[in-house]
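Visitor: Sharing a structure below in structure tokens format, with a few things to ask.
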Amino acid sequence: MSIRLIAVDLDGTLLSSDGATVHERNIRALRRAAEKGAKIVLASGRSLVMMEDAAEQLGCVNYIISSLGGTVTDYATRKILDEKGIDPDKRRAILEVLRPFKPLIEVYCDNRIYAEQAILTAHPPVSDFDFLRARYDDAVEDLETAIGERMTEKLDVDFIPDDETMELIRTRVEALGDLCVLAYPGDGNIEISHIGATKGNALRFLCRHLGIDAGEVLALGDSDNDVDMFEWAGCAVAMARASTMARQAADRVTGSNNDGGVGQAVEELMDQIGDR
């Protein structure tokens, strides 16, 4: 069976470590795959607005799975095909859990990212990705006033001081029910989304929409949030520096993101790519 769709994570996978640059080898390989008929899908925890630059660098993207699967978008038309969000009452309950710990809270809503100015000031950017993300943050005085009754795609919680605090936050948020909570010990980060908003679920939806079977899907990633996508796709490829869970779930391992590992994997599978 041929590969008809390629789903690619961004950070640590498609993008170099600066969080912004797509390696030339990746561009060449994915464009060649698209020419052979494969659908190219970007799948990330980022908001869509933070994914558009990578999509433009590639020049061959058909669909975007953003906010961990909270939104599936037809990139050419910008039509939203599927949404799974956190309702306002549940978002308020999450914020009540988070606020005593004083982390940086970023709320993804309508393809924008909201954060309170006072917290942004208290947690200035320290890494390349922090500086990149700060370009897209809408600084507001109060999250509740800014977002109101709109649905939330995802919450990013950053600058958690230690793993013990992270586990406490994760446990309390999970107790609210119907949420997907991904904690990253050592990174001081937690991602919170609707329980059904995962990359794997979004990929399944999109493939049903397109009439593509799991066995016709190639997925590439590096993180724990790529695992359910790996478990469903017919072929899963982890990056050289992928997390332990991602490597265990993958069928093969490719080069690093800084060395064009996505392009390497696609090149190796090129004879299987495209409609037959």
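Visitor: Mind listing whichever residues of the stretch 40-71 are in a strand (DSSP E or B) and under 15 Å from LEU30 (Cβ atoms)? Before you say what the answer is, go through the steps one by one.
Guide: Going residue by residue through the stretch 40-71, those that are in a strand (DSSP E or B) are 40-43, 63-66, 71.
Correct list: ILE40, VAL41, LEU42, ALA43, TYR63, ILE64.
Visitor: Additional query: Among the strands (runs of 3 or more DSSP E) contained in the stretch 74-128, which hold 3 or more residues that are under 27 Å from ASP18 (Cα atoms)? Quick ask: steps written out before the conclusion?
Guide: Numbers: elements: 79-83, 104-109, 112-116.
Of the strands (runs of 3 or more DSSP E) lying wholly inside the stretch 74-128, those with at least 3 residues that are under 27 Å from ASP18 (Cα atoms) span 104-109, 112-116.
Visitor: Something else: Scan the helices (runs of 4 or more DSSP H) fully inside the stretch 214-276 and keep the ones with 2 or more residues being modelled with pLDDT of 95 or more, in the same structural domain as LYS39 (by TED's automatic domain parsing) and under 24 Å from GLU24 (Cα atoms).
Guide: In the stretch 214-276, 261-268 are the helices (runs of 4 or more DSSP H) which contain 2 or more residues that are modelled with pLDDT of 95 or more, in the same structural domain as LYS39 (by TED's automatic domain parsing) and under 24 Å from GLU24 (Cα atoms).
Visitor: Mind counting the residues in the stretch 161-200 that are touching a strand residue (DSSP E or B) at 6+ places or on another chain (Cβ under 8 Å) and more than 26 Å from LEU42 (Cβ to Cβ)?
Guide: 7
Visitor: In the stretch 23-45, which residues are over 16 Å from ASP74 (Cα atoms) and buried (at least 23 other Cβ atoms within 10 Å of the Cβ)?
Guide: ASN26, ALA29, LEU30, ALA33, GLY45
Visitor: Could you go through the stretch 193-212 and let me know if any residue there is aromatic (Phe, Trp, Tyr), surrounded by fewer than 23 Cβ atoms within 10 Å (Cβ to Cβ) and free of Cβ contacts under 8 Å to residues at least 40 places away in the same chain.
Guide: No, the conditions are met nowhere in the stretch 193-212.
Visitor: Residues being under 13 Å from ALA55 (Cα atoms) and surrounded by 24 or more Cβ atoms within 10 Å (Cβ to Cβ): count how many of those fall in the stretch 11-21.
Guide: Selection size over the stretch 11-21: 2.
Visitor: Further question: So, GLY70, is that one buried (at least 21 other Cβ atoms within 10 Å of the Cβ), in contact (Cβ under 8 Å) with a residue 60 or more places away in the chain and at positive phi or not? So that I can check it myself, show each step before the final result.
Guide: Numbers: buried (at least 21 other Cβ atoms within 10 Å of the Cβ): yes; in contact (Cβ under 8 Å) with a residue 60 or more places away in the chain: yes; at positive phi: no.
So GLY70 fails the test.
The values are calculated or read from the model by the stated rules, or taken from the named source; none is laboratory data. Keep in mind it's a predicted model, so treat the numbers as computed, not measured. Glycine also receives a Cβ, built like all others from the backbone with ideal geometry; neighbour counts cover every protein chain displayed.
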